[in-house]
Amino acid sequence: MTSHDLQSGDGPRGDRPKRRHFSTEYKLRIVAEYEAAPEGEKGRVLRREGLYSTSIDLWRRQRDNGELTSSGSPAAAQRVRKTPEQLELERLRKENAALTNQKAKVEKKLAQTEAALDIMGKVSRSWK
């Protein structure tokens, strides 16, 4: 505890800044304004609102993922979240795509190897 903490009126941490909370409408409005601002003017929006670019990045990700809805209710945000089954299906689809790509690469390499062995067999037969 510092001497500054002891001087506050409502206990040791009474005068500390409070965490700000922003409504969904505010977040959507600021993200839209930030994105519409021309280059060089985006910083002005951040300074005017007292925000950091990381907040805009977070809000943009939330908007793109469907976590920010105009209703702003937690229930609406939960409806957008994926179920464990949906997440598992998505993971399996990605894994399947990766395996399909790997299979195509192996088949191409196999065809090259078979062609090389065929040529080597013809060469060895011609030397006899």
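Nothing in this text is a laboratory measurement; each read-out follows from the coordinates by a stated rule. Since this is a predicted model, take the numbers as computed values, not measurements. All Cβ positions, glycine included, derive from the backbone under ideal geometry; neighbour counts span all protein chains shown.
Miscellaneous remarks
- Label-to-label distance, nm, for residues given as R19 and L110 (7 Å Cα→Cβ offset): 5.5 nm
- Computed from label points 7 Å out along Cα-Cβ, the spacing between R29 and A97 is 3.8 nm.
- Overall Cα dimensions of the stretch 82-128 - principal axes, largest extent first, Å: 68, 8, 5
- In summary, the lysines within cross-link reach of K105, defined as a Cα separation below 28 angstrom excluding same-chain residues under 8 places away, comprise K94, K122.
- Going from the residue with the fewest nearby Cβ atoms within 10 Å to the one with the most, E114, E39 rank E39, E114.
- Counting other Cβ atoms within 10 Å as a rough exposure proxy, the listed residues L99, L68 run L99, L68 from fewest neighbours to most.
- Given charges at beta-carbon only (K, R positive; D, E negative), |dipole| of the stretch 82-128 in Debye: 320 debye
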